[in-house]
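Heads up, the thing below is written out as structure tokens.
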Amino acid sequence: MKVGIDSIAFSTSKYFLKLETLALHRREDYEKYYVGIGQKQMSVFPPNEDIVTIAVDAAQKAVAEIADKNDIDMLIFATESSFDLSKSAGIYVHHFLQLKENCRVFDIKQACYSATAALQLSKSYVMENPSSRVLVVASDIVKYQPNTSGEPTQGGAAVAMIVSKDPRILTLEQYSGIHTTDVMDFWKPVYKNEALFDSKLSVYNYLKSLNIALKRYFDASNSSISDLDCVCYHAPFGKMARKADQQTFRNKFLENSLIYGSLIGNSCSASIYVCLLSLLDNTPEDLDEKRIGFFSYGSGSVAEFFSGIVSRGYRKMLSPERNFQMIENRMEISFEEYERFSSAASMPSLSKYQNIGSVTLAKIENDKRVYAASC
Ligand code: HMG
């Protein structure tokens, strides 16, 4: 039985900061961000937008593509930027999508790798329950401390995917190469709002993990580089994926997969699936039945190399114009506004800002997040 991604959609903030603006205020050469790191802009999130509101937007678009949402009997929410250590963010998505009550909902975490774990779990689940559909949502907002080398790689997005049999976008293949190792390259203590990291170690461990996971994938599948038509990488910034590709494939479609990420920044768990959408939307060549390799990496660390075959007629399931418009229609903010967005002091004026989708964080009352329809 073929199982994989039947529908996919993404969402990000309504606001962005140009990295030229950041470079000016941080007294950095813009070329370092643009060429050295490979980023042009980053999505910046107002206080009324969070991992739930963008996840609802992405999920509504993905679910609109299926005939009956009552077939969804599992929802997995992948994130490392949750605001609650107990209640799952997925419950809010379940509520706003009005999914049936007879549906398992839970969050899952392993840095940027978690959405891949969710996808693989969903595949096994659908293999056992062929009439079921699983909604996988990956949603992250990435924040570093101001004036650190990570600051120009901030960003955020949500990707929602429906996993089912006879998928209309991508069939997931059987083999994976996995590499798990205990390393402190990137971490976020619960008492911190921003992630901490060891830049050089993180880049080193990403590339080392790629080599090991890839070899394990080739050994398991008895295949080689020539069996892959293109590769999507976890892309915390464009240059990371370029370094990875230089070390391995030199695949001709790489730049197409990095277009969206260069404008929205790192979206952690969603990042590799933003790359997939960017590749499918922006590659004029027909990718019908092509084999895509995926390198998923989550600091800490877990890495997995796996593959999928693009479905015949996949273009019918895409909305490139909608995706471009969403990015194009974002509003540019000034450096001062960026600083205000990052500060907790902006919380009282939640309603002042626009949301990307139909749901807004209206207030936080008695330590409870209260969501409402956005204006
Ligand atoms: P940095 O200290 O700014 O790096 O950190 P740099 O000084 O080495 O400069 C970066 C590149 O810019 C270099 O090129 C420079 O030569 C070049 P490279 O040697 O890499 O080819 N450069 C210039 N180019 C043109 N004109 C100039 C110029 N100046 C310098 N004027 C880094 C950069 C991206 C590492 C930093 O932003 C960082 O630490 N980010 C956070 C950690 C990170 O993203 N790590 C990536 C791997 S780990 C991962 O992917 C997981 C993650 O997504 C989290 C999770 O799993 O949850 C992060």
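Set side by side, the residues 306, 294, 324, 335 differ, and just one is surrounded by fewer than 19 Cβ atoms within 10 Å (Cβ to Cβ), under 30 Å from residue 187 (Cβ atoms) and among the aromatic types (Phe, Trp, Tyr), which is 335.
Could you check, for the range 32-55, whether at least one of its residues is assigned by TED's automatic domain parsing to the domain that holds residue 369, more than 22 Å from the chain's Cα centre (by Cα), among the hydroxyl-bearing types (Ser, Thr, Tyr) and part of a helix (DSSP H, G or I)? No, because not a single residue in the range 32-55 is assigned by TED's automatic domain parsing to the domain that holds residue 369, more than 22 Å from the chain's Cα centre (by Cα), among the hydroxyl-bearing types (Ser, Thr, Tyr) and part of a helix (DSSP H, G or I). Only residues that are surrounded by fewer than 21 Cβ atoms within 10 Å (Cβ to Cβ) and either free of Cβ contacts under 8 Å to residues at least 60 places away in the same chain or outside any helix (DSSP H, G or I) (or both): list them for the range 57-80, please. Correct list: 64, 65, 66, 67, 68, 69, 70, 73. Selection of the range 250-261 for residues being within 16 Å of the ligand (Cβ to nearest atom) and more than 20 Å from residue 207 (Cα to Cα) yields only 260. The numbered conditions (1) at positive phi; (2) modelled with pLDDT under 95 are all true for residue 222 except (2). Scanning for something farther than 30 Å from residue 173 by Cα, part of a strand (DSSP E or B) and not assigned by TED's automatic domain parsing to the domain that holds residue 278, does the range 88-109 turn up at least one residue? Checked against the condition, which is being farther than 30 Å from residue 173 by Cα, part of a strand (DSSP E or B) and not assigned by TED's automatic domain parsing to the domain that holds residue 278, the range 88-109 yields no hits at all.
Confirm whether residue 225 is touching a residue at least 60 places away in the same chain (Cβ under 8 Å) and β-branched (Val, Ile, Thr). The answer is no for residue 225.
Among residues of the range 116-142 being within 12 Å of the chain's Cα centre (by Cα) and not hydrophobic (A, V, I, L, M, F, W, C), the one that is surrounded by the most Cβ atoms within 10 Å (Cβ to Cβ) is 139.
A residue that is on the phi < 0 side of the Ramachandran plot and surrounded by fewer than 16 Cβ atoms within 10 Å (Cβ to Cβ) occurs somewhere in the range 247-259.
Hey, does the range 301-319 have a residue that's farther than 29 Å from residue 355 by Cβ, touching an Asp or Glu at 6+ places or on another chain (Cβ under 9 Å), within 16 Å of the ligand (Cβ to nearest atom) and assigned to a loop (DSSP other than H, G, I, E, B)? Looking through the range 301-319, at least one residue is farther than 29 Å from residue 355 by Cβ, touching an Asp or Glu at 6+ places or on another chain (Cβ under 9 Å), within 16 Å of the ligand (Cβ to nearest atom) and assigned to a loop (DSSP other than H, G, I, E, B).
Residues that are under 21 Å from the mean Cα position of the chain (by Cα) and of a type in the set (Ser, Thr, Tyr) within the range 160-183 comprise 164, 171, 176, 180, listed in sequence order.
Could you look through the range 15-46, keep only residues that are in contact with a strand residue (DSSP E or B) (Cβ under 7 Å, 6 or more places away or on another chain) and either more than 17 Å from residue 156 (Cβ to Cβ) or of a type in the set (S, T, N, Q) (or both), and pick out the one that is surrounded by the most Cβ atoms within 10 Å (Cβ to Cβ)? My answer is 43. Residues in the range 100-132 that are hydroxyl-bearing (Ser, Thr, Tyr) and free of Cβ contacts under 8 Å to residues at least 40 places away in the same chain: 124 alone. Restricting attention to the range 181-203, the residues that are loosely packed, with under 13 Cβ neighbours inside 10 Å and aromatic (Phe, Trp, Tyr) total 1.
The values are calculated or read from the model by the stated rules, or taken from the named source; none is laboratory data. Computed from a predicted model, the values in this text were never measured in an experiment. FYI the Cβ positions are ideal-geometry reconstructions off the backbone, even for glycines, and counts take in every protein chain you see.
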